[in-house]
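What follows is a short report on a single structure.
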Amino acid sequence: MTTSCNTAELRDTVTMLSSPPLIRLITEIDDNGPIPPRGLASTLADLSTHQLRQTTDQARTLGLIRVRPGVGTGLTEAGMELADVYDATARWARRHAYPSGISEFTSRVQHSLGLMAKALAPSSGDSPGCPTGAPLPSAQADKDLARISDLLCQWLDTYSQAARLAESEPAA
């Protein structure tokens with residue numbers, strides 16, 4: 001782990017990366033390929049126009065997506081690697097029934113990233129436990145989560161520009 005993962009700014013970055021609309025956008029493109037021009041609203045129909053605009057602007061600013069004429073909205077290298085982090089995080093959460101035995105993909109990723117942020121950059125007022133009130137994982141789950149945290153730190157180190165931009169952006 002590097003020093004960039006031991007700073008309080010990590011919490012802001014992970015908060016931004018754990019935005020449910022951002023998780024949905026990145027994983028939708030990762031799973032199904034580029035979203036055709038003017039296809040965002042129908043692809044992510046449960047998100048409002050404002051949420052779509054805010055999320056795509058945020059993802060573009062962070063260098064996670066790009067829009068190519070005739071192709072649509074696709075992932076950049078940073079976006080593809082973040083999708084891998086999301087997938088690994090969701091697998092960890094599913095394996096350890098976190099935050100509960102029955103959770104959807106986005107919720108698993110969001111809660112698990114929150115747990116990682118708290119573990120990597122605790123504030124002075126933090127008490128042990130998950131911010132959502134879910135029980136802390138077992139010792140084995142904690143070891144496995146450390147591996148996922150390392151993946152997140154590697155992503156943050158590789159794409160430090162995205163991390164710096166996330167720190168300067170208001171949370172969604």
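At-a-glance table
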{"quantity": "The stretch 36-52 - residue that is assigned to a helix (DSSP H, G or I) and within 16 Å of V71 (Cβ to Cβ) and, of those, modelled with the highest pLDDT", "calculated": "T43"}
{"quantity": "Of the criteria (1) of a type in the set (K, R); (2) more than 24 Å from T158 (Cα to Cα); (3) surrounded by 18 or more Cβ atoms within 10 Å (Cβ to Cβ), which one R38 fails", "calculated": "(3)"}
{"quantity": "Residue check for G33: surrounded by fewer than 17 Cβ atoms within 10 Å (Cβ to Cβ) and at pLDDT 95 or above", "calculated": "yes"}
{"quantity": "Counted residues, the stretch 42-60 - those being among the β-branched types (V, I, T) and within 16 Å of the chain's Cα centre (by Cα)", "calculated": "2"}
{"quantity": "Restricting the stretch 17-30 to residues that are of a type outside the set (D, E, K, R) and surrounded by fewer than 20 Cβ atoms within 10 Å (Cβ to Cβ), the residue that is nearest to the chain's Cα centre (by Cα)", "calculated": "P20"}
{"quantity": "Residue check for A166: touching a helix residue (DSSP H, G or I) at 6+ places or on another chain (Cβ under 7 Å), modelled with pLDDT under 85 and buried (at least 20 other Cβ atoms within 10 Å of the Cβ)", "calculated": "yes"}
{"quantity": "Counted residues, the stretch 1-30 - those being among the small types (G, A, S) and at pLDDT below 85", "calculated": "2"}
{"quantity": "Residues (β-branched (V, I, T) and more than 11 Å from the chain's Cα centre (by Cα)) located in the stretch 61-105", "calculated": "T61, I65, V67, V71, T73, T76, I102"}
{"quantity": "Hits in the stretch 42-81 - residues which are in contact (Cβ under 8 Å) with a residue 24 or more places away in the chain, touching a strand residue (DSSP E or B) at 6+ places or on another chain (Cβ under 8 Å) and closer than 15 Å to Y159 by Cα", "calculated": "A59, L64, I65, L75, G79"}
{"quantity": "Selected residue (only one of A97, A134 is at pLDDT 85 or above, more than 27 Å from L62 (Cα to Cα) and surrounded by 15 or more Cβ atoms within 10 Å (Cβ to Cβ))", "calculated": "A97"}
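The values are calculated or read from the model by the stated rules, or taken from the named source; none is laboratory data. This structure is a prediction, so every number in the text was calculated from the model and none was measured. Here Cβ is always computed from backbone atoms with ideal geometry, including for glycine, and neighbour counts include all displayed protein chains.
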